[in-house]
Amino acid sequence: MAEQQRIIINGGKRLEGEIPVQGAKNSALPLLAATVLCSGECVLHNCPHLSDCDAACRILECIGCRCRREKNTVTVDPTVISGTEVPTQLMREMRSSIIFLGSVLSRCHTCRLSFPGGCELGPRPIDFHIKALREMGAVIEERHGYLECSAPKGLHGARITLSFSSVGATENIMLAAALADGVTEIHNAAREPEIVDLANFINKCGGKIKGAGGSTVVIEGAEKLAGCEHRIIPDRIAAATYLYCGAITGGELILTGADHAALRPVTAVLEQMGCSIYTYGEGNIFINARRPLTSPGTIRTNVHPGFPTDAQPPLMALTAVSAGTTVFVENIFENRFKHAGELVRLGANISVEGRVAVVIGVKSLSGAELVATDLRGGAALVTAGLAADGTTRISGISHIDRGYENIEQVLRSVGADVKRQ
Ligand code: EPZ
């Protein structure tokens, strides 16, 4: 069905107030996949209402788990796994469904899923995932667009070195290793906070994972894993986005339930741009922005604890109206500047050459009709629309709903003139 709804913003309103930070999408997805490893009920608190989380629950139900949601708590009963195929439609809808491969293979010794399509950010291959699982004893054949995976004797531990600190590959290996026979070492592992959250969950279920958050993660395979109750960490990218929204409107916001440490790469840039930021108490972040902000210079995205690629698109919107020239170097994805063209429609001065984008700050933006083509690019358009004179209408908002819980209600609650129509 052609998408009819749009987000409509009348820009220029200064944001002021308090925003509770949602649970992390990029932790909820691997955690939902991890419930497949468990032989008892799992309760996940602070699970955001997002279409990607709904898709993950649909995958769990397709393979026989029972899922139920009460507000932001999702309960999964994985005692009976009656299927091992991830439906093609769901693989297409959410390429990160590949994260189910490790846990289904580890629990059931067989798994079938269609090759995840590329996505708006570039080809997004899964070669690191496949190579690692083969080293753990999986037989994986690609046939007619499907991955036929089996581990007749079960998976076994292995010493794996990733050529790139891939988040998804690190998570998939942890999931596969959790019930494998023996010890698995992951060298050059991803160090994102979501990796630590996954390790904490698996350890709560009786797993033995050490070193998560560092470059070497060691997983001792368990016979069986029980269920557990777990609170998902806060979403550092949603938090970054709302900090940018406060900054671009010259506003004053308090984020509650945030993780200061995980946000340090982002708050450091905002302070460099002239924002005042104070962190206090259990996860509170205060931001005050005196416009005009100044350019942060060069932003190079990198693996954690470098500047997060997911926080690059909405930051570009902020630099579009900051004094000076900002150079973005996108080192993680091949094609993550699609939002630049849409920002130019608002009057931004941005030129893109491959993985480099040059943004020359302008005094103001003016509202226009925009199209979101990916999740964080859509967030960039919303961020810019808040500061643009006049009305900005954004279509393609199903992309935004994949990662931001009730974004227009959140922004309206702190003074934005925004609605979904
Ligand atoms: C996770 O994606 C996140 N998604 C992404 O967030 C995030 O941008 C990314 O990590 C980097 O931080 C989830 O956690 C669900 P990668 P993932 O494997 O695991 C290449 C968002 O907006 N690569 O670290 O797919 C790949 O092409 C999303 O919330 C291979 O070449 O990221 C990319 O260039 C977007 N072969 C780079 O590595 C592989 O087998 C980073 O990928 C796997 C990845």
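Does Leu113 count as without any contact (Cβ under 8 Å) to a residue 40 or more places away in the chain, more than 13 Å from the ligand (Cβ to nearest atom), more than 19 Å from Leu198 (Cα to Cα) and within 18 Å of the chain's Cα centre (by Cα)? Answer is no for this residue.
Determine whether Leu37 is touching a residue at least 12 places away in the same chain (Cβ under 8 Å), crowded, with 24+ Cβ neighbours inside 10 Å and more than 16 Å from the ligand (Cβ to nearest atom). Yes; evaluated as a whole, the condition is true for this residue.
From Ile173, Ile209, Ile219, grab the single residue that is touching a residue at least 60 places away in the same chain (Cβ under 8 Å), in a strand (DSSP E or B), of a type outside the set (Asp, Glu) and surrounded by 15 or more Cβ atoms within 10 Å (Cβ to Cβ).
Details: Ile173 fails: in a strand (DSSP E or B); Ile209 fails: touching a residue at least 60 places away in the same chain (Cβ under 8 Å).
None of the other options fit; the residue is Ile219.
As a summary of the residue check, His304 satisfies the conditions (1) surrounded by 14 or more Cβ atoms within 10 Å (Cβ to Cβ); (2) out of contact with any Asp or Glu (no Cβ under 6 Å at 6 or more places or on another chain); (3) modelled with pLDDT of 95 or more except for the one numbered (2). Selection within region 36-80: residues that are among the acidic types (Asp, Glu) and in contact with a strand residue (DSSP E or B) (Cβ under 7 Å, 6 or more places away or on another chain). The member of this set that is farthest from Glu148 (Cα to Cα) is Glu41. Among the criteria (1) modelled with pLDDT of 95 or more; (2) within 16 Å of the ligand (Cβ to nearest atom); (3) more than 22 Å from the chain's Cα centre (by Cα), the one Leu60 does not fulfil is (3).
The number of residues in region 153-170 being crowded, with 19+ Cβ neighbours inside 10 Å and away from the ligand (no atom under 11 Å from the Cβ) comes to 4.
Quick check: anything in region 392-408 of a type in the set (Phe, Trp, Tyr), over 17 Å from the mean Cα position of the chain (by Cα) and crowded, with 16+ Cβ neighbours inside 10 Å? Scanning region 392-408, I find no residue that is of a type in the set (Phe, Trp, Tyr), over 17 Å from the mean Cα position of the chain (by Cα) and crowded, with 16+ Cβ neighbours inside 10 Å, so the answer is no. The set of residues from region 68-89 being of a type outside the set (Lys, Arg), without any contact (Cβ under 8 Å) to a residue 24 or more places away in the chain and surrounded by 13 or more Cβ atoms within 10 Å (Cβ to Cβ) comprises just one member, Gly83. Scanning region 81-100 for residues that are away from the ligand (no atom under 11 Å from the Cβ) and touching a strand residue (DSSP E or B) at 6+ places or on another chain (Cβ under 6 Å) gives Thr84, Glu85, Val86, Thr88, Met91, Phe100. Among the residues of region 7-34, how many are out of contact with any Phe, Trp or Tyr (no Cβ under 6 Å at 6 or more places or on another chain) and more than 16 Å from the ligand (Cβ to nearest atom)? Of the residues in region 7-34, 13 are out of contact with any Phe, Trp or Tyr (no Cβ under 6 Å at 6 or more places or on another chain) and more than 16 Å from the ligand (Cβ to nearest atom).
Being within 24 Å of Ile407 (Cα to Cα) and at pLDDT below 95: is that true of Arg236 here?
Working: within 24 Å of Ile407 (Cα to Cα): yes; at pLDDT below 95: no.
No; evaluated as a whole, the condition is false for this residue.
All but one of (1) within 9 Å of the ligand (Cβ to nearest atom); (2) crowded, with 21+ Cβ neighbours inside 10 Å hold for Asp127; which doesn't? So the condition that Asp127 fails would be (2).
So, in region 40-57, of the ones that are touching an Asp or Glu at 6+ places or on another chain (Cβ under 9 Å) and more than 15 Å from the ligand (Cβ to nearest atom), which residue ends up nearest to Gln409 (Cα to Cα)?
Going residue by residue through region 40-57, those that are touching an Asp or Glu at 6+ places or on another chain (Cβ under 9 Å) are 40-45, 48-52, 55.
Next cut, more than 15 Å from the ligand (Cβ to nearest atom) only: 40-45, 49.
Working: Gly40: 36, Glu41: 32, Cys42: 30, Val43: 27, Leu44: 24, His45: 21, His49: 13 Å.
Ranking the candidates gives His49 first.
Within the bounds of region 331-350, is there any residue that is within 16 Å of the ligand (Cβ to nearest atom), in contact with a strand residue (DSSP E or B) (Cβ under 8 Å, 6 or more places away or on another chain) and of a type in the set (Asp, Glu)?
Taking region 331-350 as the starting set, the residues that turn out to be within 16 Å of the ligand (Cβ to nearest atom) are 331-339.
When the remaining residues are screened for being in contact with a strand residue (DSSP E or B) (Cβ under 8 Å, 6 or more places away or on another chain), the result is 331-337.
Those still in the list that are of a type in the set (Asp, Glu) too: 334.
Yes.
Restricting Gly168, Gly122, Gly182 to those that are on the phi > 0 side of the Ramachandran plot and modelled with pLDDT of 95 or more reduces the list to Gly182. Taking the condition of being farther than 21 Å from Arg412 by Cβ and crowded, with 24+ Cβ neighbours inside 10 Å, how many residues in region 358-375 meet it? Adding up the residues that qualify gives 1.
Of all residues in region 176-189 being surrounded by 24 or more Cβ atoms within 10 Å (Cβ to Cβ) and outside any strand (DSSP E or B), which is nearest to the ligand (Cβ to nearest atom)? Even if it seems obvious, please write down each step before you answer.
Here is the first cut: in region 176-189, the residues surrounded by 24 or more Cβ atoms within 10 Å (Cβ to Cβ) are 176-180, 184, 186, 189.
Pick out the ones that are also outside any strand (DSSP E or B) and you get 176-180, 189.
Working: Ala176: 14, Ala177: 17, Ala178: 18, Leu179: 21, Ala180: 19, Ala189: 11 Å.
Among residues in region 176-189 that are surrounded by 24 or more Cβ atoms within 10 Å (Cβ to Cβ) and outside any strand (DSSP E or B), the one nearest to the ligand (Cβ to nearest atom) is Ala189.
Taken over region 263-294, the criterion of being surrounded by fewer than 20 Cβ atoms within 10 Å (Cβ to Cβ), part of a loop (DSSP other than H, G, I, E, B) and touching a Gly at 6+ places or on another chain (Cβ under 9 Å) is satisfied by Glu282, Gly283, Arg290, Arg291, Pro292. Residues in region 299-329 that are more than 23 Å from the chain's Cα centre (by Cα) and not hydrophobic (A, V, I, L, M, F, W, C): Ser322, Gly324, Thr325, Thr326.
Given Arg92, Arg107, which one is of a type in the set (D, E, K, R), crowded, with 16+ Cβ neighbours inside 10 Å and either at pLDDT 90 or above or under 22 Å from the mean Cα position of the chain (by Cα) (or both)? Of the residues listed, the single one that is of a type in the set (D, E, K, R), crowded, with 16+ Cβ neighbours inside 10 Å and either at pLDDT 90 or above or under 22 Å from the mean Cα position of the chain (by Cα) (or both) is Arg107.
The values are calculated or read from the model by the stated rules, or taken from the named source; none is laboratory data. Keep in mind that what you see is a predicted model, and the values were worked out from it rather than measured. When we count neighbours, we look across all protein chains shown, and the Cβ atoms used for this are built from the backbone with ideal geometry, even at glycine.
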